[in-house]
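Taken together, the values in this text are just the output of simple stated rules run on the coordinates, not laboratory data. Given the structure is predicted, the values throughout are model-derived calculations rather than measurements. Backbone-built Cβ (ideal geometry, glycine too); neighbour counts: all protein chains shown.
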Amino acid sequence: MSRQFKNPVLNWIEYRLPILSFIDDSVGSGYPTPKNLNYWWNFGSLAGIVLVVMIASGIVLAMHYTPHVDYAFDSVERIMRDVNYGWLIRYIHMNGASMFFIVVYIHMFRGLYYGSFKAPRELLWMIGVFILLAMMATAFMGYVLPWGQMSFWGATVITNLFSAIPLVGDSIVTLLWGGFSVDNPTLNRFFSLHYLLPFVIVGLVIFHLWALHEHKSNNPLGVDIKGEQDLIPFHPYYTFKDLFGLGVFMIFFLSFVFFWPNFFGEPDNYIPANPMATPPHIVPEWYFLPYYAILRAFTKDFILYWPVSWLITAKLAGVIAMFSSILLLLLLPWLDGSKVRSAKFRPYYAMAFWVFFLNCIVLGYIGGKPAEGPFILIGQIATTYYFVHLLIIIPLVSRLERPKPIPESISAAVTAAHAMKAGE
């Protein structure tokens, strides 16, 4: 239903296109939200803001970029040196990719801790996993565009992984390359897809928000909303909370843009791509390192590879494990059988969560190290635990542990917390 405003122009627009009431119902005073959301819930809105920043800066960069192997590297240098504020736009875009993954990873780990993947939000969680996959594809293709040494050899190594797929692997690689090696057709394909995929992400985000608004946000207690007493309007309470979080985040983001713009970059990528000179250590961007560690863990002597060693190669097993490490997240709502959502009331699940979090950090560290010596063994142990956690520990803990008593409602818990503070 359209709203009435004091301004006649707004009433005229609202009567013909009720966009103002739609916005109010989505992120305004007309959108009821659990009253106990903490600052960990800021990261969803932060991810949306960073996505807008990435699209806007990417469109400007595309105006000056030349997707050709002979000119790509020089066109990036021209953006940095000759285009007005080109250095700023590129540093925002370049560091924005890392910021995007930081906020999305925090957003996902928050969902894991507080059980935001559980019923009735299973589809909300699954769409989020597909957003992560689309982000990874977009980031990988974007990393190739500067056409430096790490861009070229990273594209060569990663696309070659598909050759491990029986029967169709070589055809997939040829299709990605547009020929028989990483060359100009590859760069054109990646530039086109890198420009397109962010808009696919926008579409997925719209579905993500649609699913979110259907059953409202989860909350730190993980209890269902019992009535109006558990809710407050999104505006002004959470809009101002989000604005404060945005201010803190922008200080963090712009610190890298202005003071450490190449912190997340690789020095080799400031050398023009040379197919005749391989870098001594090829590594992907930091946000891919845990998956890269899982990929490299699969060698002929790896215990997880033994059961399938008669059927597939270690390379193919690593590729399957790398993609499975993400796709398994789609099954979390069913792997975790506990009726209690929040880890606040699940002590054993909380301990397992923090071990899993540290294990992911270890995987990221190992992914950035050479595949030699103790790094191989540590990577294999961390990879084993990753899958054991998802496939064994979570199902067992969720079915065997006895959770603590949960509050009757959000309002009751908030009232009790305020009473305790007043008593102190």
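If I build a Gaussian network model for the chain, linking alpha-carbon pairs within less than 10 angstrom, which residue out of Arg81, Arg346, Arg16 has the largest mean-square fluctuation?
In this elastic network of the chain, the residue with the biggest mean-square fluctuation among Arg81, Arg346, Arg16 is Arg16.
Could you please rank Arg399, Arg121, Arg3, placing first whichever residue has the fewest other Cβ atoms within 10 Å of its Cβ?
On the way: Arg399 10, Arg121 22, Arg3 14.
Placing the least packed residue first, the sequence is Arg399, Arg3, Arg121.
Any chance you could tell me what percent of the C-alpha pair distances in the range 31-423 go past 31 Å?
Numbers: 33755 of 77028 pairs.
In whole percent, the long-distance tail amounts to 44.
If the elastic network links every pair of Cα atoms under 10 Å, which of Val69, Val103, Val60 fluctuates the most in the Gaussian network model of the chain?
Val60
For a quick check: sort Val9, Val223 by the number of other beta carbons within 10 angstrom, fewest at the front. Mind dumping the intermediate values first?
Working: Val9 8, Val223 22.
Neighbour counts put them in this order, fewest first: Val9, Val223.
Which one of Ser409, Ile394, Val319 is farthest out on the positive end of the charge dipole of the chain, using unit charges on Cβ (Lys, Arg +1; Asp, Glu -1) and the Cα centre as origin?
Ser409
Choose one of Leu112, Phe140, Val283: the residue whose Cα lies farthest towards the positive end of the charge dipole of the chain (beta-carbon charges +1 Lys, Arg; -1 Asp, Glu; about the Cα centre).
Leu112
So what does log10 I(q)/I(0) come out to for the range 136-256 at q = 0.17 Å⁻¹, using the Debye formula with one equal point on every Cα and no solvent?
Listed by q, the Debye log ratios stand at -0.95.
In the range 234-329, what trypsin sites (Lys or Arg not before Pro) fall in a loop by DSSP, with at most 12 other Cβ atoms inside 10 Å? Don't jump to the answer; show the numbers that get you there.
On the way: sites: Lys241, Arg296, Lys300, Lys315; in loops: Lys300.
The qualifying sites are Lys300.
If you average the sequence gap of Cα pairs under 8 Å that are 6 or more apart and divide by the length of the chain, what percent do you get for the contact order? Could you put the intermediate results ahead of the total?
Values: 498 pairs, mean separation 93.3, N = 424.
Across the chain, relative contact order equals 22 percent.
Beyond 16 Å, what percent of the Cα pairs of the range 156-211 remain? Numbers along the way, then the final one.
Details: 843 of 1540 pairs.
That tail contains 55 percent of the Cα-Cα pairs.
Taking 1 over the mean of 1/r across every pair of different Cα atoms in the range 225-352, what Kirkwood radius in Å do you get?
Working: mean 1/r = 0.0488 Å⁻¹.
About 20.5 Å for the range 225-352.
Work out the charge dipole of the chain with +1 on the Cβ of Lys and Arg and -1 on the Cβ of Asp and Glu about the Cα centre, then indicate which of Thr299, Pro267, Gln149 is farthest towards its positive end.
Of the listed residues, the answer is Thr299.
Any idea what the dipole of the chain comes to, in debye rounded to 20, about its Cα centre with Lys/Arg Cβ at +1 and Asp/Glu Cβ at -1?
Details: 26 positive and 24 negative charges, 210 e Å.
Using only the charged Cβ atoms, the result is roughly 1000 debye.
Just Ser409, Ser255, Ser217 to compare: in a GNM of the chain, with alpha carbon springs under 10 Å, which one fluctuates most?
Ser255
Can you give the longest run of the chain that contains no chymotrypsin sites (Phe, Trp or Tyr not before Pro) sitting in a DSSP loop with at most 15 other Cβ atoms inside 10 Å? Don't skip to the answer; put the middle values down first.
On the way: sites that count: Phe5, Tyr71, Tyr85, Phe180, Phe263, Trp310.
So the longest stretch without any such site is 311-424.
Report, by chain and number, residues whose modeled amide H sits under 5 Å from the one on Ile232, excluding near sequence neighbours (fewer than 5 apart, same chain).
It is Thr33, Lys35, by chain and number.
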